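The values are calculated or read from the model by the stated rules, or taken from the named source; none is laboratory data. Small disclaimer: the values here were computed from a predicted structure and weren't measured. For neighbour counting, all protein chains shown are included, and Cβ atoms are generated from backbone atoms with ideal geometry for every residue, glycine included.
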Amino acid sequence: MMNGKAAKGDMAIGFVLLFLAGLTVFSGQIDGQPAPPQAPQRFWRDSIHGHVRSDEFHWMRERNDPELMAYLAAENAYAESMLRHTRKLQERLYREMRSRIREADLSVPVMIDSFYYYSRTVKARDYPIYCRRKGNLKAKEEVLLDENRLAGGRAYYSIDGTYISPDHATLAYMADTSGAFLYTIYLKDIASGRLVDSISSARGMAWSTDSRTVFYEACDSAQRTDRVIRRQLGSGPEKDEIVYRESDPEFSVSVSLTRSRGFLLIHTYSKNESEALVCPADSPNGCFRILKARSAGAEYYVDHHGDSLYVITNDVHDNFRMVSVSTANRSDGGWNEVIPGRDDVLLEDVRIYNGHYVLVERRDGLKRLRVLSWDGAVDRYIPFPEPTYTVFPWRSYDYNSSVLRYTYGSMVTPGSVYEHDMSADSYRLLKRYGVKGGYRPSRYVSERVSAVAADSQRVPISLVYRRGLRRDNGNPCLLSGYGAYGTSSDPFFSSDRLSLLDRGFVWAVAHVRGGQEMGRKWYQQGRLMNKKNTFSDFIACAEHLISQGYASPSKLAVSGGSAGGLLVGAVVNQRPDLFRAAVLNVPFVDVINTMLDPAIPLTTIEYQEWGDPRVKEHYDYMSSYAPYENIRAQDYPAMLVTGGLNDTNVPYWEPAKWTARLRRTKTDANTLIMKIDLSSGHGGPSGRFSYLRDTALEYAFLLDAMDIGK
């Protein structure tokens, strides 16, 4: 796969690094190939529920251990060596993908009061520039933030939220400089350009209507958002007031302003339970009062219109219903049903306007937008032309508007921003995010098929491929999945994906249980003590693609990230024979060890998703599928594993431990490489071009593993 001279050069660098650290990580050369690193073993043991647990790589959790950094450096050097022969292919893929991007582009402006807000990108720059114009789009542009300047020379920089004050005088923005999802909120006076305040270790915020009071979400030591804090603009942290503290470690909090700007809301929520506290937005120093006390298994989410609060809740139906309650008599009683729950329709959300409201529903795996008027005169669905698609309604920035804005797309149709006039029943295309290079949707086919799972459930699969594909079992195929948290894997467009489709790939998305594509029960059947349905669904999808000729048995690859990485890890343990290659991005594979440590971010709030291994029944079930514990002496497909050193969602040691144990256990000679990004976290690199390098590496790995022409 590579010449000996290149291998020796890389190994020499590796030996120098290890010698300087005085460590025992083994590396070398076998038959002209670089030998994979072998991480030191330090056996750690404990016991739980009468079981003795042993973990030879538990020590990797010690971030300051120099042996760890040497191991990660050795793995990165090994990955570079093993993929060196694909460098030209990686560069070709990178240039292909970048050439499809309109580097100088403009978002669709959003009008808030008398200002048009938008962002734009410029050629060869990684980050957007945030701007506004007053009155009309021909007015003088005001640059509010230039993220390129703010990023400076940092390896990682991301603005993940902007909040304009109601008087449009102050801009708040959240910046992350490590990828750890820990933000500093900066508050900038727009007229002078001066920073007037900052708030560290925050996750989100809301303005009161006085434009002087900020409510922000603060984190505890495990990075759980457990407090909402009130601050007067410019007063500094010494005068902050805690307005709510959540004491239950399985709950987190958020704060928001209703779309009407009538009420401030604090939502406190776990995976299957929630509670809301309400305060009039024009009384920022007032008290937040509980709307309805939490109860086991019941969730509800609140918005406002007129003299009522409108609530989406699953209190009497799994698929949620909508009720109203008077703002003057906010209590557990007096809830009036507006939209009943339905067995075949999941009610996901509502967008409220002064004259209309829009229900975000999901039926047969597809999102639908249902437009209704408060007076009952309008009740219709927005039509969509394709058999498989996705749609995202925009937030209603103008409560008094009759116009709904939404983004529509599919696996062949690029994201397209539409406006629907709900009063006139008319439609207007505002922008279709273009693909440079003469992209023609007619060259590709998107369809949805279904597999039959082990318990006879039909599992949807979204597909896209180049028109003219022959279903003769000769096609390379990449099958991806997620299947957790009730997150639905919607079939979206990606111009990057064309680099595989044009090389003959079928791209498939398995809508397995654990997501919420087929309703709330679809989620319930893929979590806790039903989690293994997620894996058997995915295996059924893989087998269906092969049996129907979409995929070659020798050219089927699988990919998943985060909880999707857990899915891939479990599946390759159970059926490694199905796959030629696997990509695990920031994979959650060390499930039991993570869920036994409440100090790790996300652990306590996810007991209702995966289980609490301190409970014997949960521990026994988790042990039967947890990827790290179930690595076996068997042949595995070629694998690419990635992680981020600053990742707080899935710590770097999960992919590191998974890779190290696989190296010592698996019986094949297939490629196993790991790449840990030392400057980012769960989301990978921050720049809009940087991620293309990672995608190019991933695609090159897949093409190489399948021996597909370059």
- Scan the stretch 115-160 for residues that are surrounded by 15 or more Cβ atoms within 10 Å (Cβ to Cβ) and either of a type in the set (A, V, I, L, M) or at positive phi (or both) and jot them down. I129, L144, L145, L150, A151, A155, I159
- The residue that is surrounded by the fewest Cβ atoms within 10 Å (Cβ to Cβ), considering only those in the stretch 424-449 that are in contact (Cβ under 8 Å) with a residue 24 or more places away in the chain and farther than 30 Å from V110 by Cβ, is S442
- Message: Quick check on my filter: what residues within the stretch 365-393 are over 26 Å from V311 (Cβ atoms), surrounded by fewer than 19 Cβ atoms within 10 Å (Cβ to Cβ) and in contact (Cβ under 8 Å) with a residue 60 or more places away in the chain?
- Response: E386, P387
- Message: What pairs come out if I take residues in the stretch 127-142 that are free of Cβ contacts under 8 Å to residues at least 12 places away in the same chain and aromatic (F, W, Y) and pair them with residues that are part of a loop (DSSP other than H, G, I, E, B) and surrounded by fewer than 19 Cβ atoms within 10 Å (Cβ to Cβ) whose C-beta lies under 8 Å away, six or more apart or interchain?
- Response: none
- State all residues of the stretch 689-702 that are surrounded by fewer than 23 Cβ atoms within 10 Å (Cβ to Cβ) and out of contact with any strand residue (DSSP E or B) (no Cβ under 9 Å at 6 or more places or on another chain); if no residue qualifies, say none. F689, L692, R693, T695
- Query: Quick check: is even one residue across the stretch 543-560 charged (D, E, K, R), assigned to a loop (DSSP other than H, G, I, E, B), surrounded by 20 or more Cβ atoms within 10 Å (Cβ to Cβ) and in contact (Cβ under 8 Å) with a residue 60 or more places away in the chain?
  - Reply: yes
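Looking at the stretch 205-242, which of the residues that are in a loop (DSSP other than H, G, I, E, B) and in contact with a Lys or Arg (Cβ under 9 Å, 6 or more places away or on another chain) is modelled with the lowest pLDDT?
Filtering first and then ranking leaves G234.
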- Query: If we scan the stretch 624-642, do we find a residue that is more than 26 Å from the chain's Cα centre (by Cα) and farther than 22 Å from A581 by Cα?
  - Reply: yes
- Item | Identity of the residue in the stretch 635-688, of a type in the set (F, W, Y) and in a loop (DSSP other than H, G, I, E, B), that ends up surrounded by the most Cβ atoms within 10 Å (Cβ to Cβ) | Y652
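Wholly within the stretch 394-490, which strands (runs of 3 or more DSSP E) include no fewer than the required count, namely at least 1 residues that are farther than 30 Å from D303 by Cα and among the β-branched types (V, I, T)?
Working: elements: 403-409, 416-421, 426-432, 444-452, 458-466, 477-481.
Strands (runs of 3 or more DSSP E) meeting the threshold: 444-452, 458-466.
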- Note on the structure: Out of (1) in a loop (DSSP other than H, G, I, E, B); (2) modelled with pLDDT of 95 or more; (3) in contact with a strand residue (DSSP E or B) (Cβ under 9 Å, 6 or more places away or on another chain); (4) surrounded by 19 or more Cβ atoms within 10 Å (Cβ to Cβ), the one E629 does not meet is (4)
- Query: Restricting to the stretch 229-284, what's the tally of residues that are surrounded by fewer than 20 Cβ atoms within 10 Å (Cβ to Cβ), of a type in the set (S, T, Y), out of contact with any Phe, Trp or Tyr (no Cβ under 8 Å at 6 or more places or on another chain) and closer than 29 Å to E606 by Cα?
  - Reply: 2
- Query: Given (1) crowded, with 19+ Cβ neighbours inside 10 Å; (2) at positive phi, where does L602 come up short, assuming only one miss?
  - Reply: (1)
- What tally of residues in the stretch 149-176 results from selecting those that are over 26 Å from D647 (Cβ atoms), touching an Asp or Glu at 6+ places or on another chain (Cβ under 7 Å) and assigned to a strand (DSSP E or B)? 1
- Item | Within the stretch 462-479, considering residues that are touching a helix residue (DSSP H, G or I) at 6+ places or on another chain (Cβ under 7 Å) and surrounded by 21 or more Cβ atoms within 10 Å (Cβ to Cβ), the one farthest from E606 (Cα to Cα) | Y465
- Which one of these is at negative phi and at pLDDT below 95: F43, F57? F43
- Determine the pairs where a residue that is under 20 Å from L556 (Cα atoms) and in the same structural domain as G519 (by TED's automatic domain parsing), located within the stretch 488-501, has a partner that is hydroxyl-bearing (S, T, Y) and at pLDDT below 95 with Cβ atoms under 6 Å apart, the partner being 6 or more residues away or on another chain. P491/T388
